[in-house]
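Here's the structure we're looking at; comments come further down.
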Ligand SMILES: [Zn+2]
């Protein structure tokens, strides 16, 4: 049975589709997503982890020669389709483990042969089962990972996902929270244990060099403690694009809120900021 196929992360900003490189002297079989180091990666379908580790130690992975893909995870769907995730910074799954579509598998990185941080995502049929043919994902129209991943007890990882999109103006010295439609601060996660949260922040109409701070606060027993996460500088087009992933240990009733702060103002006046698709993943005890 053909299960659904999803992009391995969301938003899925493709920087290079499969195709010839270096004037056609070789073919790049992966789809590359230009994302910062430590962006959460998720299973693009239900399947079994059949490789998890460094390609240097393996040489050949599932019959396909390793090509400088650094820390790599291969997930095999039950019909034999394999999805490879290359250049990772951290792997949080083990060989033999079953994962659900949308389940967290690890963090993107810049390991192996790269020209910068990105996720290399490649689809092939298992060589032993189906000849190893390469698969172009485009005709398959991968879906976006919008819905909560299931957290069955056989999963080592429980995943929580909130689809939320806010586009609002931000003024100098103003703070914006990720809010629900009634303007209430929105809980990002409320589950006990070490938790990986990722925040995607997009801004436009800033002046080049403007600085936006990304912060989060943990509310426990009615008291909030703010934390500085990172700062992002608008590029020469006045755009801000950032994904930041952070890990915290949270208690069962903790509420984590995400906010952005126009710390040095925006010289261009009111700019617009988007807090998009904040994800939180809680690891079950090993
Ligand atoms: Zn690639």
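Using 0.36 nm times the number of residues separating residue 94 and residue 21, minus their current alpha carbon distance, what extension gain do you get? Could you put the intermediate results ahead of the total?
Details: separation 73, 0.36 × 73 = 26.28 nm, distance 3.25 nm.
That works out to 23.0 nm of additional length.
I need 22, 4, 92 ordered by Cβ neighbour count within 10 Å, fewest first.
Values: 22 8, 4 11, 92 20.
Exposure proxy ranking, most exposed first: 22, 4, 92.
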Could you work out how far apart the two model spin labels at residue 115 and residue 136 are, taking each label as a point 7 Å from the Cα in the direction of the beta carbon, and quote it in nm? 2.1
State the extension gain, in nm to one decimal, for the chain segment bounded by residue 144 and residue 235, taking 0.36 nm per residue of separation less the distance between their alpha-carbons. 30.0 nm
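Can you sort 100, 223 by how many other beta carbons sit within 10 Å, fewest first?
Details: 100 18, 223 7.
Going from least to most buried by this count: 223, 100.
Computed from the coordinates by the stated procedures, all read-outs in this text should not be read as laboratory data. Source: prediction; values computed, not measured. Quick reminder, even Gly has a Cβ in these numbers, built from the backbone with ideal geometry, and neighbours come from all protein chains shown.
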